[in-house]
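Have a look at the structure below before the remarks.
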Amino acid sequence: MNPNGPTAADRSAVEAFLYHEAALLDAGALDDWVELFTDDGVYWVPARTGAPDPARHVSIVYDDKPRLLVRVARLQSGKEYAQEPPSRICRQVSNVAVLSTGEGDV
């Protein structure tokens with residue numbers, strides 16, 4: 001990464017990743033989607049804006065990769081009756097901002 005902060009190329013790479021992720025989900029390629037996560041990755045959807053700590057605040061979703069693998073296996077089992085018919089989804093990728101963590105990554 002540029003020592004002066006994220007560049008337009010960094011943002012373009014992040015946007016390309018997000019569009020790729022959405023395409024995998026739209027195609028139902030859940031095995032490929034979950035492989036986008038690193039082993040130490042976390043998928044977190046806080047229940048309210050500004051919740052700083054998932055261990056101390058209610059979350060809609062707070063999953064690590066092993067938990068995501070369990071979710072994917074359950075969805076692919078054919079026994080996830082809440083998904084009959086499958087949920088309709090509309091994805092939007094917008095307002096992408098790339099911030100520097102100060103650790104050399106984006």
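Before moving on, here are some points about what is shown:
- Test result for D64, open to solvent by 90 Å² or more (accessible area, probe 1.4 Å) and either modelled with pLDDT under 90 or charged (D, E, K, R) (or both): no
- Candidate set from the range 67-91 (those that are modelled with pLDDT of 90 or more and of a type outside the set (A, V, I, L, M, F, W, C)); member that is surrounded by the most Cβ atoms within 10 Å (Cβ to Cβ): R71
- Search result, residues across the range 37-54 that are open to solvent by less than 90 Å² (accessible area, probe 1.4 Å) and either in contact with a His (Cβ under 8 Å, 6 or more places away or on another chain) or over 17 Å from P66 (Cβ atoms) (or both): V45, P46, A47, G50, A51, D53
- The range 15-29 - residue that is among the hydrophobic types (A, V, I, L, M, F, W, C) and more than 12 Å from the chain's Cα centre (by Cα) and, of those, least open to solvent (accessible area, probe 1.4 Å): A29
The values are calculated or read from the model by the stated rules, or taken from the named source; none is laboratory data. Fair warning: this is a prediction, and the values are worked out from it, not measured in the lab. As a convention, Cβ positions derive from the backbone with ideal geometry for all residues, glycine included, and neighbour counts pool all protein chains shown. Areas reflect the complete protein model, heavy atoms only, side chains present, ligands, DNA and RNA absent. Shrake-Rupley method; radii C 1.70, N 1.55, O 1.52, S 1.80 Å.
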